[in-house]
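Before any comments, here is the structure.
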Amino acid sequence: MIERYSRPEMKKVWSDENKFTKWLDVEIAVCDAWAEEGVIPRSAIPKIKLAKCNIRRMEEILVETRHDMTAFLGSVQESLGEESRYIHLGLTSSDVMDTATSLQLVEASNILIQDVKDLTAILAQRAIEHKYTLMIGRTHGVHAEPISFGLKLSIWVEEMRRNLHRLNEAKKIISVGKISGAVGTYATVTPAVEQTACRKLGLEPAPVSNQVLQRDRHAQFVTTLAIIAGSLEKFATEIRALQKTEIREVEEPFGQPGFVTTGSSAMPHKRNPELTERVCGIARLVRGYALTSLENIALWHERDISHSSNERITFPDSCLILDYALALFASVMKRLQVFPHNMKKNLELTKGLVFSQRVMLALIDKGMGRHEAYEIVQKNAMKAWKGSKGFLTLIKADAEVAKTLTPEELTKIFDYQFYLQHVDEIFLRLGLTKSQWLGVFTEMKET
C-alpha cells in the first residue's frame, strides 16, 4: 500500500522484516517441538534460537533460486553452524508461510479491533451529545418524519458493535497453524510436533489440512474487513449527503489543525467532503480484495499457488487501508461540525407536511376509515406541496377534517417533540448513557 494510506503500527506488521521474523519464529518453534520429541538434541536449541535471517543476503540468493523459502533457508543457514541441518526438518514451505501469515493476521486483527473500539466510542459520544438534536429523517432522499441526529448515530454505534463481533470471530478463524508436511499427511512431521509448535506460537493447530491452510478461513477474514469498510462507506456517504450546500446540516472539520484548509485549487470558496469521499473510495478497494479472497478458496487438488501471488497484495493492503480508513473516519466524527439551526430550517421546508401521518392517525382514532383519512390528508398535502400555504392551515380549513378534529387538537398534533418520546428508551436499550461512557470519553479527551 502507498505511504499515504499506511499507518506505522500496521505498516510494521506487514513489513518484510516482520514477515521473515515470523517465518523464523515458526522454524524455531518446530525445532523446539522436535527437541521435545527427542529427534533434535536439546543442546542444539539455544544455538538455533540465535538464528538470524539476513534479508539482503536472502535477496541475493533469491536471484539464483527464484524461490522465497530456499532463499530464506539459505540466509538462515549461514547464521548457524551444523545446527542448520535441523531447520525446516520435515516441513514444506506452506507449513512455515501459512502459519507465519496467521501470526501476521492476528497482529493485524488486534490493531483493527482497537480501531473499531475507538471509532465506536467516538460515535457513542456524538450520539449522546445529539440525542435530542431534531432533524428530518429522509427516505428515498425525500423528507419523511423527524428523527434526532443522535438516533442516526446510535444506529452506527450498534452496527460497529456487530462489526467488532465479526472481527473477533474472523480473528479466531484465522488463529490457526499448519505443520503437517507435504499434502497434509504428517508423513514427515508428527501431529505432536504441530501441536507443540502451534502452542508455542499462540495458535491452534488446524484440525485437518492438506498442503495449505484452507482459504475459506482467509476469505472470512477479508470479507469481514470488507463488511466493516462497507459500514464506513455507508456512514461516510451520509456525511457527504448532509454536507451538500442546500442541506448543510453537518460538515467535515475544515481548517482545523490536522485537516485540510483548501477545498479547490480553482475555487477558493470550496469546502469539500474530501475525507469522507476518500473513505468511500477505500471501501471499494477492500470489496475488491474480498472478491479475490473468495476466488482463492478453490485451489487444484491438495494445493496450487494461484492464491499466493495475490495474497502478497490483498492481505497487507486490506489491513493497511482499513486501519487507515477507520482512523480517518474516527477523526472526522470526533470533530464533525453539526448545525442544529440548519437542521431546524430544513425540518420546516415542507411547511408541516412531516405531520401528515399523525393527522391521518388522529382522524382514524376518531372513527374515520383509513382509506378516507388517507385521501383527505393526501389531498391537503399535495396542495401544500404545490402552493404557498402551510399544511396546518390547509388541514384546519378542510370541512371534512373540521367535523372530526378541533383546531386545538390539530395544533397539538404539530409538535416535533412527539418524535423524541422514545429516544431515551432506545438509548437505554443500547447502553448509551453518559454514566456508562464517561470513563471512555475522559480517556478519549486526554488522547
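The values are calculated or read from the model by the stated rules, or taken from the named source; none is laboratory data. Note that the structure is predicted; figures quoted are calculated from it, not measured. All Cβ positions, glycine included, derive from the backbone under ideal geometry; neighbour counts span all protein chains shown. Note: accessible area is taken over every heavy atom of the protein model, side chains too, but ligands, DNA and RNA are not part of it. Shrake-Rupley method; radii C 1.70, N 1.55, O 1.52, S 1.80 Å.
Things worth noting here:
- Any hit, region 296-305, residues being of a type outside the set (Val, Ile, Thr), surrounded by 14 or more Cβ atoms within 10 Å (Cβ to Cβ) and in a helix (DSSP H, G or I): no
- Within region 365-434, helices (runs of 4 or more DSSP H) holding 2 or more residues that are more than 30 Å from residue 154 (Cβ to Cβ) and over 45 Å from the mean Cα position of the chain (by Cα): 370-386, 391-397, 399-402, 407-413
- Across region 316-335, the number of residues qualifying as out of contact with any helix residue (DSSP H, G or I) (no Cβ under 7 Å at 6 or more places or on another chain) and either within 18 Å of residue 3 (Cα to Cα) or of a type in the set (A, V, I, L, M, F, W, C) (or both) comes to 1.
- Qualifying residue in region 43-54 (condition: open to solvent by 20 Å² or more (accessible area, probe 1.4 Å), touching a Ser or Thr at 6+ places or on another chain (Cβ under 9 Å) and either among the aromatic types (Phe, Trp, Tyr) or not in a loop (DSSP other than H, G, I, E, B) (or both)): no
- Every pair of residues 6+ apart whose Cβ atoms lie under 9 Å, when the first sits in region 343-358 and is closer than 12 Å to residue 147 by Cα while the second is β-branched (Val, Ile, Thr) and not in a helix (DSSP H, G or I): 343/133; 343/136; 343/250; 347/136; 354/136
- Of the criteria (1) surrounded by 18 or more Cβ atoms within 10 Å (Cβ to Cβ); (2) part of a helix (DSSP H, G or I), which one residue 165 fails: (1)
- In region 178-225, the residue that is surrounded by the most Cβ atoms within 10 Å (Cβ to Cβ) out of those that are part of a helix (DSSP H, G or I) and hydroxyl-bearing (Ser, Thr, Tyr) is 224.
Let's see how each residue does on (1) surrounded by fewer than 21 Cβ atoms within 10 Å (Cβ to Cβ); (2) among the acidic types (Asp, Glu); (3) touching a residue at least 60 places away in the same chain (Cβ under 8 Å); (4) touching a helix residue (DSSP H, G or I) at 6+ places or on another chain (Cβ under 8 Å):
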residue: 134; (1), (2), (3), (4): yes, no, yes, yes
residue: 143; (1), (2), (3), (4): yes, no, yes, yes
residue: 148; (1), (2), (3), (4): no, no, yes, yes
residue: 151; (1), (2), (3), (4): no, no, yes, yes
residue: 155; (1), (2), (3), (4): yes, no, no, no
residue: 159; (1), (2), (3), (4): yes, yes, yes, yes
residue: 169; (1), (2), (3), (4): yes, yes, no, yes
residue: 173; (1), (2), (3), (4): yes, no, no, yes
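- All positions within region 329-364 that are in a helix (DSSP H, G or I), open to solvent by less than 30 Å² (accessible area, probe 1.4 Å) and among the β-branched types (Val, Ile, Thr): 332, 354, 359
- Those residues of region 298-320 which are within 15 Å of residue 97 (Cα to Cα), among the acidic types (Asp, Glu) and under 27 Å from the mean Cα position of the chain (by Cα), in sequence order: 311
- Restricting region 67-95 to residues that are part of a loop (DSSP other than H, G, I, E, B) and touching a residue at least 60 places away in the same chain (Cβ under 8 Å), the residue that is most open to solvent (accessible area, probe 1.4 Å) is 89.
- Residue in region 242-262 that is more than 26 Å from the chain's Cα centre (by Cα), open to solvent by less than 50 Å² (accessible area, probe 1.4 Å) and farther than 30 Å from residue 184 by Cβ present: yes
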